[in-house]
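Derivation of every value follows stated rules applied to the coordinates shown; laboratory data play no part. Worth saying up front: this structure is predicted, and the values here are computed from it rather than measured. Cβ sites come from the backbone with ideal geometry, for glycine too, and all protein chains shown count toward neighbours.
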């Protein structure tokens, strides 16, 4: 049986991935970054809605287990659109560099 490693490093990585979703969605909505297919944005938006919706496959009111499906969906989506996320992060870093 595989177990999820919920060490502080794993939690921080998951938190970073989730915040990257938010930054990408914001940049897309504001028109700053549009180099991403609309289908990718649809998948990302659906995952975020699933995560924040308390009524899903396993209700969030159930301690620990309630968020397991949410995190699984987020991780699956991240892995599915990882190439687009990497492009966005590279773009984001290029925007932060002084000219």
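Restricting to helices (runs of 4 or more DSSP H) lying wholly in region 20-99: which have 3 or more residues that are free of Cβ contacts under 8 Å to residues at least 12 places away in the same chain and either in contact with a strand residue (DSSP E or B) (Cβ under 7 Å, 6 or more places away or on another chain) or closer than 19 Å to residue 10 by Cα (or both)?
65-80
Keeping to region 34-44, report how many residues are surrounded by fewer than 18 Cβ atoms within 10 Å (Cβ to Cβ) and under 16 Å from residue 90 (Cα atoms).
2
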